Amino acid sequence: QLLQEVKRRLERSTIQLRDTVHNLTPTKRIGIDSLESIADQFQQAEIAFRHSGDLLRVPAHVWGWLEACFKEALTNVVRHSDATQVEADLQVTDTIVRLSVGDNGTSRTGSPAGSGLRGLQLRARSLGGSLSVRRDSGFLLVGVIPLEKEGPPDEASDRRR
């Protein structure tokens, strides 16, 4: 009887553990998975999406900004370009994360930045970075955000504290 009770408790515990793990699984794609999913689902032009560097160095709040930039760039391709190809490149170095999205569409000079781009530029500045847009030969968006340095703090930063 004692063995049967232990067996029932163990089975309940296993079920609870499985449920807990299932509930911890993200329901939304995040990070590089999110950007790759956006690229895969985009049907208005062919996308060549590349990435390099240590993606684990990118903080969650920067991933949110990168996703918004990528979506905004592709929205601009749909609304303002006759592009057939888009090149997107995400680079992570020791000091920065850089997203570049450009297309082969017709140049559209003179059109002002919309509220989406202006909002992303403000967010980039609040993160210590920048977002620039060029329209001289197709559409090109380049966003750069600095990354915090890894490793132990140096003596100079210790003295400032």
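The values are calculated or read from the model by the stated rules, or taken from the named source; none is laboratory data. Computed from a predicted model, the values in this text were never measured in an experiment. Cβ placement follows ideal geometry from the backbone for every residue including glycine, while neighbour counts extend to all protein chains displayed. All accessible areas refer to the heavy atoms of the entire protein, side chains included, with ligands and DNA or RNA removed. Shrake-Rupley method; radii C 1.70, N 1.55, O 1.52, S 1.80 Å.
What is the percent carbon and sulfur in the accessible area of the stretch 54-99, measuring with a 1.4 Å probe over the protein chains and ignoring ligands?
Details: 1070 of 2160 Å².
Roughly 50 percent of what the probe reaches on the stretch 54-99 is carbon or sulfur.
Compute, for the chain, the length of the dipole vector about the Cα centre, with Cβ point charges of +1 (Lys, Arg) and -1 (Asp, Glu) only. Units Debye, rounded to 20. Can you show the working numbers first?
Values: 22 positive and 21 negative charges, 130 e Å.
My answer is approximately 620 debye.
What relative contact order, as a whole-number percentage, does the chain give when Cα pairs under 8 Å and 6 or more residues apart are counted? Intermediate results must be reported in sequence, preceding the final value.
Details: 207 pairs, mean separation 30.8, N = 161.
Once divided by the residue count of the chain, the mean separation gives 19 percent.
If I model the stretch 33-86 as equal point scatterers sitting on the Cα atoms and use the Debye formula, what is log10 I(q)/I(0) at q = 0.13, 0.16, 0.18, 0.19 Å⁻¹?
Debye intensities relative to I(0), on a log10 scale: -0.35, -0.51, -0.63, -0.70.
How much net charge surrounds R50 when only the other residues with a Cβ under 9 Å from the Cβ of R50 are counted, with Lys and Arg +1 and Asp and Glu -1? Before the final figure, lay out the partial values.
Details: positive: none; negative: E87, D89.
Once positives and negatives cancel, what remains is -2.
Between E11, E148, E67, which gets the highest mean-square fluctuation from a Gaussian network model of the chain, Cα cutoff 10 Å?
Per the Cα network of the chain with a 10 Å cutoff, E11 tops the list.
For the stretch 1-100, state what percent of all Cα-Cα pairs lands in each successive 10 Å bin, counting from 0 Å until the bin that includes the largest distance.
Histogramming the stretch 1-100 at 10 Å steps yields 13, 33, 20, 12, 10, 8, 3, 0 percent.
Only Cα pairs within less than 10 Å get springs; with that Gaussian network setup on the chain, which residue of A88, A60, A124 has the largest fluctuation?
Comparing A88, A60, A124 in the GNM, the peak value goes to A60.
Skip the ligands, DNA and RNA, and give the accessible area per residue of the chain with a 1.4 Å probe, whole Å².
Details: 10940 Å² over 161 residues.
Using a 1.4 Å probe on heavy atoms only, each residue of the chain averages 68 Å².
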